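*Asks:* Encoded as structure tokens, here's the structure I'll be asking about.
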Amino acid sequence: MSGIVAGKIALVTGAGSGIGRAACLVLAREGANIIAADQCGLAAQETHRYGVGGKKHICLSVDVSMSESVNMAMSDIIDNYTVPPSIIVNSAGITRDNFLLKMDERMFQKVLDVNLKGTFLVVQAAAKAMIEAKITRGSIVNVASIVGRTGNIGQCNYSASKAGVEAFTKTVAKEFGPFDIRCNAVVPGFIKSPMTDAVPEKVIQKILPHVAMGRMGRPQEVAEVIAFLSSERSSYVNGACVEVTGG
Ligand SMILES: NC(=O)c1ccc[n+]([C@@H]2O[C@H](COP(=O)([O-])OP(=O)(O)OC[C@H]3O[C@@H](n4cnc5c(N)ncnc54)[C@H](O)[C@@H]3O)[C@@H](O)[C@H]2O)c1
């Protein structure tokens with residue numbers, strides 16, 4: 001099998017939809033064995049059937065915001081492959097938008113729990129397993145968001161969680177660089193996916209003039225950057241947060 005990640009094992013969270021699904025397809029095209037993990041087990045199975053079917057690919061149901069679920073998934077993976085994955089893509093994410101004065105405390109917490117704590121739990125479990133198995137040339141790619149840099153009306157929870165993902169990424173890069181495990185993030189702009197399908201057309205038309213390329217991105221356009229960061233092609237890129245926004 002040829003490709004820039006040939007033979008590697010890649011765990012992708014949020015694999016059932018959008019950017020996570022596209023990451024599974026691109027990494028599989030580039031020769032990786034894919035673990036498609038999603039809270040929605042059916043969606044993960046669909047990704048599996050849709051394009052990454054094959055005996056070296058598996059799908060798992062996991063809730064990244066729950067440590068028991070993440071740890072169980074990691075031990076299932078090691079049972080299946082005997083070694084932990086050396087590529088981790090954290091794409092699981094949610095929005096629960098509202099204006100700050102109307103933001104429900106539970107909705108604030110829920111978004112932090114999935115987007116930021118979920119990234120932490122997966123990275124902690126995976127890095128521990130990689131270090132125990134003496135895996136080198138590991139690569140972790142987190143999915144942040146441009147609104148973590150700019151802020152966005154109605155997204156005080158989401159934007160804060162994604163700013164946190166960038167700071168977290170830089171810390172992971174420092175802690176695991178000595179183990180030859182890199183950690184980077186992609187910082188997508190406005191990407192067409194089920195997450196943004198909920199955005200009303202009139203809001204989309206207000207956003208697009210601020211995008212230099214004048215259009216929304218496609219999940220695959222983010223996934224190609226994820227694949228580059230996952231691969232040895234980016235072997236000296238560590239702690240970087242790469243914008244994929246169309247300018
Ligand atoms: N679409 C965009 O414009 C955009 C822009 C910037 C960043 N992002 C980020 O990209 C990532 C993927 O977004 P998308 O557009 O593909 O969204 P999406 O809604 O299409 O996919 C998100 C996936 O995450 C899964 N998920 C949600 N909670 C989970 C949990 N607790 N455990 C495991 N899986 C869970 C969902 O089931 C879904 O399959 C997210 O982190 C999102 O914040 C998206």
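The values are calculated or read from the model by the stated rules, or taken from the named source; none is laboratory data. Just so we're clear, the structure is a prediction, and the values are computed from it rather than from any experiment. Cβ placement follows ideal geometry from the backbone for every residue including glycine, while neighbour counts extend to all protein chains displayed. To get the accessible areas, we keep the full protein, side chains included, count just its heavy atoms, and leave off ligands, DNA and RNA. Shrake-Rupley method; radii C 1.70, N 1.55, O 1.52, S 1.80 Å.
*Asks:* Taking the Cβ-Cβ separation of Glu201 and Leu42 as r and a Förster radius of 25 Å, what is the calculated FRET efficiency to the nearest 0.05?
*Replies:* Numbers: r = 29 Å, r/R0 = 1.14.
It comes to 0.30.
*Asks:* Let me ask something else. Using helices alone, I'd like the mean residue ellipticity at 222 nm for the chain: each DSSP H run of four-plus residues gives -39500 (n - 2.57), total over residue count, nearest 500.
*Replies:* The per-residue figure over the chain is -13000 deg cm²/dmol.
*Asks:* Same structure, new question: For segment 9-244, take every pair of Cα atoms, bin their distances at 10 Å starting from 0, and report each bin as a whole percent.
*Replies:* 8, 34, 38, 16, 3, 0
*Asks:* Which order do the peptides 43-53, 136-146 take when ranked by the mean count of other beta-carbon atoms within 10 Å per residue, highest first?
*Replies:* Numbers: 43-53: 19.2, 136-146: 23.2.
Result, highest mean first: 136-146, 43-53.
*Asks:* Can you pull the one-decimal nm distance between simple spin-label points at Ala167 and Arg49, each 7 Å off the Cα toward Cβ?
*Replies:* In this crude label model, Ala167 to Arg49 measures out at 4.3 nm.
*Asks:* How large is the charge dipole for the chain, taken about the Cα centre, if only the Cβ atoms of Lys, Arg (+1) and Asp, Glu (-1) carry charge, to the nearest 20 debye?
*Replies:* So the dipole magnitude of the chain works out to roughly 420 debye.
*Asks:* I've got another one for you. Quick one: Cα centre-to-centre distance for segment 192-243 and segment 151-179, in angstrom?
*Replies:* 16 Å
*Asks:* While we're looking at this one, here's another question. Any idea what the relative contact order of segment 9-244 is, in percent, if you count C-alpha pairs under 8 Å spaced at least 6 apart?
*Replies:* Working: 465 pairs, mean separation 47.9, N = 236.
In percent, rounded to a whole number, it is 20.
*Asks:* Now a separate question. Which distance in nm do the two modelled labels at Lys110 and Arg233 give, with both placed 7 Å along the Cα-to-Cβ direction?
*Replies:* If labels sit at Lys110 and Arg233, their model points lie 3.8 nm apart.
*Asks:* Could you sort 188-199, 84-95 so that the peptide with the highest average Cβ count within 10 Å comes first and the rest follow in order?
*Replies:* Values: 188-199: 16.8, 84-95: 25.6.
Ranking the peptides 188-199, 84-95 by packing returns 84-95, 188-199.
*Asks:* Then there is this: What FRET efficiency, computed as 1/(1 + (r/R0)^6) with R0 = 30 Å and r the Cβ-Cβ distance, is obtained for Thr150 and Lys56, rounded to the nearest 0.05?
*Replies:* 0.15
*Asks:* Please identify every one of the chymotrypsin sites (Phe, Trp or Tyr not before Pro) in segment 70-138 that sits in a loop by DSSP and has no more than 16 other beta carbons within 10 Å of its own beta carbon.
*Replies:* Phe99
*Asks:* Express the carbon and sulfur contribution to the solvent-accessible surface of segment 9-244 as a percent, rounded to the nearest whole number, probe 1.4 angstrom.
*Replies:* 57 percent
*Asks:* Would you mind checking Lys56/Lys134; Lys55/Lys110; Lys128/Lys170 for any pair whose Cα atoms are more than 29 angstrom apart?
*Replies:* Violating the 29 Å Cα-Cα cut-off are Lys55/Lys110.
*Asks:* Separate question: How much net charge surrounds Lys56 when only other residues with a Cβ under 14 Å from its Cβ are counted (Lys, Arg +1; Asp, Glu -1)?
*Replies:* +2
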